[in-house]
Amino acid sequence: MFMKPLFRFVPDGTRIRFMNGRFAGLITSAVLSTASIGLFFYPGLNLGLDFKGGVVLQINTPQKADFAGLRTALAKAGLTDASLQSFGTGEAANHGVLISLESRETAGQTQTAITEVETALASAAPGAKILSTQAIGASVSSQLFTQGLEALGLSFVMILGYIWFRFEWQFAVGAVATLLLDTTKTIGFMVLTRIPFDLVTIAAILTIIGYSTNDKVVVYDRVRENLRKYKSMPLRELIDLSINETLNRTLGTSGTVFLAALPLALFGGSALSGFAWIMLFGIVVGTSSSIFIAAPILLFLGEHRLRRSSTPPKPGSVAKATK
Amino acid sequence: MLYFTRAKTYAILALCALGIIFSLPNLAPRPNFWPGFLPWNQVHLGLDLSGGSYLLLQLDLQAVQKQDNANLVDDVRQAMRKAGLGYTGLHGDAANGAVTLHLLHPEDVAAAQTALGKLITFDQTTGGANLLVNVNNDGSVTLSVPHQAQVSRASQAVDQSITIIQRRIDGSGVLNPQIARQGADQIVVQLPGVSDPDRIRALIGTTAHMTFQLVDTTAQPGTPPPLGDIVLPMQNDPNQTMVVNASVAVDGANLQNAQASTDPQSGNWVVNFTLNSVGAREFADVTTDNVGKPFAIILDGKIISAPVIREPITGGSGQITGNYTAQQATDFALLLRAGALPAPLSIVEEQSVGPELGADAIKAGGLSLAVGFVLVLVFMATFYGLFGWFANIALVMNLFIMLAVLSVMGATLTLPGMAGILLTLGMAVDANVLINERVREEVKAGRKPLAALEAGYSRAYGTIIDSNVTTLLAHVTLFIFGSPPVRGFAVTICVGIITTLFTATVLVRLITSRWYVSRRPATLPV
């Protein structure tokens with residue numbers, strides 16, 4: 001059993017006519033991305049602490065957490081904006097409390113607020129342990145937000161540049177357009193799941209962008225190779241052929257990355273599960289967009305241009321292509 | 001494909017051996033036989049895993065400008081008085097770093113130029129003038145600080161703050177603090193093992209500018225203070241105020257030492273201080289001239305106490321009393337020793353993680369890593385058989401080499417970094433997937449095993465390089481823009497991509513060629 005592969009995703013010689021579904025693919029993608037942009041404006045992303053600013057304390061109470069008592073104590077201390085939430089799974093959820101406060105105007109006020117929470121805790125939940133404190137001022141959060149968006153923008157430009165340098169411009173435009181569609185869908189996914197948008201999830205989005213580009217490059221690479229190999233094959237057939245030839249690889253790599261990210265989503269804890277779910281979503285979207293979006297875009301952009309530049313077919317190559 | 005020179009084979013094996021050796025420090029305690037010349041570096045755990053505090057501080061540069069401008073106005077006033085020149089409308093503009101005034105007698109233009117010209121100093125680093133003096137013939141005078149000097153002054157203020165914070169934190173007993181500048185006016189402080197940074201917050205949040213000023217006993221309470229006086233609140237009760245002379249009698253900058261101790265008579269905690277020679281002389285002069293008057297000790301605009309001068313103090317040392325606890329007295333003495341910050345610092349970002357939460361995070365990350373790793377191994381074995389196992393050997397090796405590189409670099413492993421390692425392992429096999437699929441295609445196209453291997457490897461390389469470079473690009477941007485935990489993620493992915501290129505292509509090729517040479521199979525198990 002250790003010698004031969006046990007399974008294959010698709011049998012050899014599979015020839016699915018993916019390009020027949022190009023309009024369906026593009027329209028579905030356009031609808032989903034438009035809906036995502038709508039979701040981005042309403043109800044909007046659940047901004048994480050990094051970008052919203054504010055204070056979050058994670059505490060652990062020795063007895064079962066008394067939410068009503070804590071709320072009263074915090075309100076009495078003048079922290080009317082405090083919101084409480086339990087965290088942890090199973091028995092731990094009875095003891096874990098997440099206290100969040102909105103952003104304060106000045107750093108001094110933030111520090112005062114933290115002290116006030118600590119004092120209120122000492123009386124309302126004696127023996128409670130503060131597991132973590134996070135406080136981010138309004139100026140820093142907007143600075144981080146800009147930096148995050150700059151990172152996203154710059155990576156798009158760099159990927160566009162690299163693919164342009166290595167392939168034709170049609171490939172670069174196709175890849176970046178697809179990445180934009182992928183990214184908007186990921187944003188829509190984040191709005192629906194309420195996964196907080198923060199620096200860690202931006203890292204997840206960038207990883208997906210890297211991964212998805214990687215996937216597109218492999219398909220494009222095969223298209224480029226086949227363009228040289230089959231001089232007279234219509235671009236539409238050629239793209240279908242290239243996708244089919246790389247299908248096992250596409251599914252193989254997606255499979256391993258998916259399997260690697262799955263345990264993170266299941267056991268990674270609150271800090272990483274949001275990150276991992278975005279990865280899982282991104283892998284599915286990125287893999288399908290290589291086939292249904294990036295390839296059709298290349299077909300539309302390259303229908304005449306990519307073919308016109310090639311030399312007229314030689315009899316030998318035609319024979320090979322029809323073999 | 002098959003041919004590896006002996007040297008190349010040994011080099012590959014040596015690299016793998018180094019990977020195992022340098023990753024050992026993370027896996028086992030240091031053995032006794034470990035030679036001293038070999039490094040024993042571990043990957044540092046980030047504060048989110050080990051527990052600790054991260055503080056981002058912002059220096060109030062406007063306050064620095066304001067203080068500098070006020071000082072310049074004072075200097076101008078003194079210079080003009082010394083030269084005996086009449087003027088009106090002396091006015092500072094802190095935002096632009098300028099001071100303006102108007103000469104009473106237009107014939108004083110040349111004299112004013114000379115008198116004010118003495119204020120000009122030169123910056124050691126930029127070599128430019130720190131001040132421009134512009135005297136017009138109509139008698140209007142403008143002194144301005146050039147932009148370059150302002151920038152250099154701001155940078156100097158940040159450096160000075162870093163030194164002072166370093167001294168304060170070192171004095172507080174925290175081990176291995178990391179203090180670094182970030183951007184133009186921010187300072188990052190990382191304190192491993194400190195999960196409740198209350199005390200550090202207080203130590204950093206205090207400017208600690210101490211002055212001694214005489215109390216004006218003639219002022220009537222409730223009326224506006226006389227000219228040259230200011231009203232300051234008491235430290236222990238902000239509702240109580242006192243009227244003191246605006247001019248500083250002795251500045252805390254002249255402090256030489258400060259120590260906390262207990263007063264032998266009362267048993268209370270006090271802070272004893274010693275002044276340097278300049279301070280001691282000033283202190284002696286003031287106390288000699290003002291016996292019987294109260295003398296206020298002021299910290300950051302608040303009066304700590306105002307003891308009455310009983311007799312001239314000529315020794316240059318004194319004692320500050322208050323209702324201090326041992327900790328408060330020790331910290332106050334530390335603040336005085338470390339010196340005053342050039343401007344107030346505010347904590348704009350704070351993250352503290354307790355050790356328990358960090359341990360939980362390591363557990364969760366470790367479990368995910370183990371499960372994900374096993375899933376990938378099983379997947380590769382199932383879908384690619386023997387060649388999948390070759391890839392799996394390379395994957396295990398990759399984990400060692402990654403760990404070794406991160407250790408030798410002294411990189412910091414954060415929770416997102418652990419996710420990065422896991423994702424790298426998932427993506428690492430991509431190269432092998434590409435190669436195996438390619439080899440399989442070549443076999444199906446009718447090539448002999450050896451030719452199929454040759455073609456498969458050489459054709460897959462271009463794709464592997466292209467796809468890895470794009471991933472690398474995305475993470476380099478992330479590293480440039482990211483905050484520390486996210487940087488940890490970007491570093492692990494970037495390191496992972498590079499080690500992957502070695503293990504997944506070079507190492508697997510070596511294993512495959514050894515296998516082929518020893519077995520000479522008639523068909524490839526693809």
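The values are calculated or read from the model by the stated rules, or taken from the named source; none is laboratory data. From a predicted model like this one, the values you see are computed outputs, not experimental measurements. So basically every Cβ, Gly included, is an ideal-geometry build from the backbone, and we count neighbours across all protein chains shown.
Looking only at region A:64-83, filter to residues that are without any contact (Cβ under 8 Å) to a residue 24 or more places away in the chain and either under 16 Å from A:ALA122 (Cα atoms) or assigned by TED's automatic domain parsing to the domain that holds A:GLY268 (or both); which one of those is surrounded by the most Cβ atoms within 10 Å (Cβ to Cβ)? Break it down into steps so the answer makes sense when it comes.
Here is the first cut: in region A:64-83, the residues without any contact (Cβ under 8 Å) to a residue 24 or more places away in the chain are A:68, A:71, A:75, A:80-81, A:83.
Still in the running and either under 16 Å from A:ALA122 (Cα atoms) or assigned by TED's automatic domain parsing to the domain that holds A:GLY268 (or both): A:68, A:71, A:75.
Details: A:ALA68: 8, A:ARG71: 17, A:ALA75: 13.
Once the filter is applied, the top-ranked residue is A:ARG71.
Yes/no per residue for (1) more than 30 Å from B:GLY139 (Cα to Cα); (2) among the charged types (D, E, K, R):
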residue: B:ASN26; (1), (2): yes, no
residue: B:TYR54; (1), (2): yes, no
residue: B:LEU59; (1), (2): yes, no
residue: B:ALA70; (1), (2): no, no
residue: B:ASP75; (1), (2): no, yes
residue: B:ALA79; (1), (2): no, no
residue: B:GLY86; (1), (2): no, no
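With the structure loaded, tell me whether A:ALA135 is farther than 30 Å from B:LEU57 by Cα and either crowded, with 17+ Cβ neighbours inside 10 Å or in contact with a Cys (Cβ under 6 Å, 6 or more places away or on another chain) (or both) or whether it fails that test. Write out each step before concluding.
Values: farther than 30 Å from B:LEU57 by Cα: no; either crowded, with 17+ Cβ neighbours inside 10 Å or in contact with a Cys (Cβ under 6 Å, 6 or more places away or on another chain) (or both): yes.
In short, no.
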Single unsatisfied condition, B:GLY366 versus (1) free of Cβ contacts under 8 Å to residues at least 12 places away in the same chain; (2) surrounded by fewer than 21 Cβ atoms within 10 Å (Cβ to Cβ); (3) within 30 Å of A:LEU57 (Cα to Cα): (1)
Subset of region A:142-177 that is among the small types (Gly, Ala, Ser) and modelled with pLDDT of 85 or more - its residue that is nearest to A:LEU199 (Cα to Cα): A:SER142
Candidate set from region B:47-64 (those that are within 12 Å of chain A (Cβ to nearest Cβ) and assigned to a helix (DSSP H, G or I)); member that is farthest from A:ALA107 (Cα to Cα): B:LEU49
Selected residue (only one of A:ALA260, A:ALA294 is at pLDDT 90 or above, within 17 Å of A:ARG222 (Cβ to Cβ) and in a helix (DSSP H, G or I)): A:ALA294
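So which of B:ALA340, B:ALA391 is more than 28 Å from A:ALA92 (Cα to Cα), aliphatic (A, V, I, L, M) and assigned to a loop (DSSP other than H, G, I, E, B)? Spell out how you get there, then give the answer.
Details: B:ALA391 fails: assigned to a loop (DSSP other than H, G, I, E, B).
Exactly one residue qualifies, and that residue is B:ALA340.
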Any hit, region A:143-151, residues being more than 21 Å from the chain's Cα centre (by Cα) and part of a helix (DSSP H, G or I): yes
Lone unmet requirement of (1) surrounded by fewer than 20 Cβ atoms within 10 Å (Cβ to Cβ); (2) without any contact (Cβ under 8 Å) to a residue 60 or more places away in the chain; (3) among the β-branched types (Val, Ile, Thr) for B:THR206: (2)
The listed residue being free of Cβ contacts under 8 Å to residues at least 60 places away in the same chain, within 29 Å of the chain's Cα centre (by Cα) and closer than 23 Å to A:TRP277 by Cβ, out of B:ALA490, B:ALA474, B:ALA419: B:ALA474
Test for B:ALA460: is it within 12 Å of chain A (Cβ to nearest Cβ), touching a helix residue (DSSP H, G or I) at 6+ places or on another chain (Cβ under 9 Å) and within 21 Å of B:PHE4 (Cα to Cα): yes
Every residue from region A:1-46 that is buried (at least 16 other Cβ atoms within 10 Å of the Cβ), within 20 Å of A:THR287 (Cβ to Cβ) and without any contact (Cβ under 8 Å) to a residue 12 or more places away in the chain: none
Number of positions in region B:510-526 that are more than 14 Å from every other protein chain (Cβ to nearest Cβ) and among the small types (Gly, Ala, Ser): 2
Any pair with Cβ under 7 angstrom, 6 or more apart, that starts in region B:370-386 at a residue that is at the interface with another protein chain (Cβ under 7 Å from one of its Cβ atoms) and part of a helix (DSSP H, G or I) and ends at one that is surrounded by fewer than 19 Cβ atoms within 10 Å (Cβ to Cβ) and of a type in the set (S, T, N, Q): none
Conditions (1) within 30 Å of B:GLY385 (Cβ to Cβ); (2) within 9 Å of chain B (Cβ to nearest Cβ); number of the one not met by A:SER242: (2)
Residues located in region B:406-427, provided they are out of contact with any Phe, Trp or Tyr (no Cβ under 8 Å at 6 or more places or on another chain) and more than 13 Å from chain A (Cβ to nearest Cβ): B:LEU406, B:MET409, B:GLY410, B:ALA411, B:THR412, B:LEU413
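Got a sec? Which helices (runs of 4 or more DSSP H) wholly within region A:1-103 have at least 1 residues that are within 11 Å of chain B (Cβ to nearest Cβ) and of a type outside the set (Lys, Arg)? Don't jump to the end; show me each part of the working.
Details: elements: A:22-39, A:49-52, A:67-76.
Answer list for region A:1-103: A:49-52.
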Hey, B:ALA428 under 41 Å from the mean Cα position of the chain (by Cα), assigned to a helix (DSSP H, G or I) and surrounded by 19 or more Cβ atoms within 10 Å (Cβ to Cβ) or not: yes
Test: B:PHE489 is facing chain A (nearest Cβ under 7 Å) and aromatic (Phe, Trp, Tyr): yes
Filter pass, B:ALA474 being small (Gly, Ala, Ser), assigned to a helix (DSSP H, G or I) and at pLDDT below 85: yes
Subset tally (residues that are more than 7 Å from chain B (Cβ to nearest Cβ) and more than 19 Å from A:ALA294 (Cβ to Cβ)) for region A:190-232: 17
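Taking the options B:PHE390, B:PHE295, B:PHE400, name whichever one is within 14 Å of chain A (Cβ to nearest Cβ) and modelled with pLDDT of 90 or more.
Details: B:PHE295 fails: within 14 Å of chain A (Cβ to nearest Cβ); B:PHE400 fails: within 14 Å of chain A (Cβ to nearest Cβ).
None of the others qualify; the one that does is B:PHE390.
If I filter region B:69-90 for residues that are part of a helix (DSSP H, G or I), in contact with a Lys or Arg (Cβ under 6 Å, 6 or more places away or on another chain) and of a type outside the set (Phe, Trp, Tyr), do I get at least one hit? Lay out the reasoning, then the answer.
Start the filter on region B:69-90 by keeping residues that are part of a helix (DSSP H, G or I), which leaves B:69-83.
Adding the requirement that they be in contact with a Lys or Arg (Cβ under 6 Å, 6 or more places away or on another chain) leaves none.
Checked against the condition, which is being part of a helix (DSSP H, G or I), in contact with a Lys or Arg (Cβ under 6 Å, 6 or more places away or on another chain) and of a type outside the set (Phe, Trp, Tyr), region B:69-90 yields no hits at all.
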Residues of region A:148-175 satisfying the condition of being surrounded by 17 or more Cβ atoms within 10 Å (Cβ to Cβ) and more than 30 Å from A:HIS304 (Cβ to Cβ): A:GLY148, A:ALA151, A:LEU152, A:LEU154, A:SER155
Cβ-Cβ under 7 Å pairs, at least 6 apart or on other chains, region B:186-199 side touching a residue at least 24 places away in the same chain (Cβ under 8 Å) and within 12 Å of chain A (Cβ to nearest Cβ), far side part of a loop (DSSP other than H, G, I, E, B) and surrounded by 14 or more Cβ atoms within 10 Å (Cβ to Cβ): B:VAL194/B:VAL174; B:SER195/B:GLY51; B:SER195/B:GLY354
Listing of strands (runs of 3 or more DSSP E) fully contained in region B:191-250 that carry 2 or more residues being in contact with a Lys or Arg (Cβ under 9 Å, 6 or more places away or on another chain): B:229-233
Every residue from region A:194-223 that is out of contact with any Asp or Glu (no Cβ under 8 Å at 6 or more places or on another chain) and of a type in the set (D, E, K, R): A:ARG194, A:ASP215, A:LYS216
